[in-house]
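Single-structure report; data block below.
Values in this text are rule-based calculations from the coordinates and carry no lab data. Please read these numbers as outputs of a predicted model, since none were measured by experiment. Here the Cβ is made from the backbone with ideal geometry for all residues, glycine too, and neighbour counts use every protein chain on show.
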Amino acid sequence: MPLEPSLAAEIESAVAEGFADQVAHTQNLVRFATLRGAEHGCQDYVFEAFRARGYATERFAMDRAALAAHPGSGRIDERHSEAPIVVGHHRPAGQAGRSLILQAHVDVVPTGPLDLWRHPPFDPVIEGDWLYGRGAGDMKAGHAANLFALDALSRLGLQPASSVTIQSVVEEESTGNGAMAAHLRGYRADAVLIPEPEDEALVRANTGVVWFTVEVRGKPVHVREMGAGANAIDAIWRVVGALREVEARWNAERTRHRHFETEAHPINLNIGRISGGDWASSVPAWARVECRIALYPGTRAADAAAEIERAVADFAAGDPFLAQSPPVVTFNGFMAEGYVLAEGSEAEAVLGRAHERATGRALTSFMSPSYLDTRVHALYEGIPALCYGPRAENIHGFDERVSLASVQRSTVAMALFVAEWCGVERKSALRG
Ligand SMILES: [Zn+2]
């Protein structure tokens, strides 16, 4: 049942009242340089923030054996984070409404060269409507919004009338294993909302992602005998050419995939890192590229991985040097399928009403050619998995920033969503 207009207006004011604190909390989150594997301090801060509000709060290590046994987990290498997952649990007095998971990740992608930033990346500077910083948009603003949407209800003496679990995860940017670990821990709900920076729109479909590394070994000789030496860097570049053909082939198949037909280039192969050789005057004996490629929903990640391995092997078989020293392909991160959010769910209708009330516009949806943790809940829990959040710019780039007006609007939409989806009850004196 749609919310009473008077309650909706009160919720809107309650978000406004708490917004200065919400911005300060978001800035605190940005100050933690939560690069992969360095999220511990931030998760401690989050743990305290959940606990201080009376949520039953737990912190647990990812169960690596359980992860390894699940086909949707990412591959674990030495760079995998060991930071804990933090979960705050709200238990209602009754259990009237529908339960909800509010999830967000704290890990951020590397900064790149610091001299390309206007402000240091972990210094949360505000200029006009924009809050700057690595992770400000992706997704510390959404992380804070989860908490402050519930705070807004609390300020009115209300709380959700059903279970709400707030999850703070890591590894979203490299394996998806944080969200998977929370799933494997047994957390379930009737819907999930993840406020990634989606420009106040709803993600309808998103791609899966596979990470892999290709390594080539050459034969080191002096450059004057270069004709006799096999240059590993030249050779790996030829392999990249073969991978670009896989990318082109998959893009050509887009017309067969709903929500992808009109995208010019839904499948992106990123050659993200290259290393090789030892110095300028030896023919390089080794080279390595680290890659990421997208896949359509419905394509099994293992099948995509097998196709990549086959393409590299076929190419190498026809190359005079690589036939003698075949490239080695290793999968070392994401092994994730995409998903399509089914249209017409009640959760989407509730979010649509909340969004319209908060923004004055109808909710739109779109395809995102990227990885999202919502896929864990969509694929393995079969629940409506809503990815919806504020407007940000330059995520994964330089001068990442998030619009504070948009954060406030999305927080109102989220609080209205929680109130209608979960129902509200008077806040009890005892919680947790
Ligand atoms: Zn994100």
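Summary of computed values
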| item | result |
| --- | --- |
| Estimated inter-spin distance, A66 and A342, nm [label 7 Å along Cα→Cβ] | 2.6 |
| Pairwise centroid distance, computed over Cα atoms, of the stretch 292-365 with the stretch 44-77, Å | 24 |
| Theoretical FRET efficiency, 1/(1+(r/R0)^6), r = Cβ-Cβ of E48 and E261, R0 45 Å, to 0.05 | 0.40 |
| Highest-fluctuation residue, A191, A354, A232 considered, GNM on the chain with Cα pairs under 10 Å | A232 |
| Helix-only [θ]222 nm of the chain, DSSP H runs n ≥ 4, -39500 (n - 2.57) each, per residue, nearest 500 | -11000 deg cm²/dmol |
| Within a Gaussian network of the chain (alpha carbon springs, distance under 10 Å), most fluctuating of R353, R391, R258 | R258 |
| At most 15 other Cβ within 10 Å, DSSP loop - trypsin sites (Lys or Arg not before Pro), the stretch 61-95 | R79 |
| Mean shadow area of the stretch 38-195, taken as a quarter of the surface of its Cα convex hull (nm²) | 10.8 |
| Rel. contact order, % - alpha carbon contacts under 8 angstrom, at least six apart, the chain | 26 |
| Ascending count of other beta-carbon atoms within 10 Å, so fewest first, for D107, D319, D123 | D123, D319, D107 |
| Listed residues A181, A415, A349, most fluctuating in the chain (Gaussian network, C-alpha, under 10 Å) | A349 |
| In range of the label at A38: residues from the stretch 92-109 whose backbone nitrogen is under 18 Å from the point 7 Å along Cα→Cβ | 106-109 |
| Shape call, the stretch 1-85: gyration tensor on alpha carbons, a/c limit 1.5 | prolate |
| Förster-model FRET efficiency, 25 Å R0, E58 and E17, C-beta, rounded to 0.05 | 0.25 |
| Relative exposure of H119, H25, judged by other C-beta atoms within 10 Å (fewest first) | H119, H25 |
| Relative contact order [Cα under 8 Å, 6+ residues apart], the stretch 119-276, whole percent | 13 |
| Positive minus negative residues near A179 (Lys, Arg vs Asp, Glu; Cβ under 9 Å) | -2 |
| Cα pair distances in the stretch 208-336, grouped into 10 Å bins until the bin that holds the longest one, percent each | 13, 40, 29, 13, 5, 0 |
| Taking the convex hull of Cα positions in the chain, its mean projected area over all directions (nm²) | 21.6 |
| Packing rank of 155-164, 259-268, where each peptide gets the mean count of other beta carbons within 10 Å, highest leading | 155-164, 259-268 |
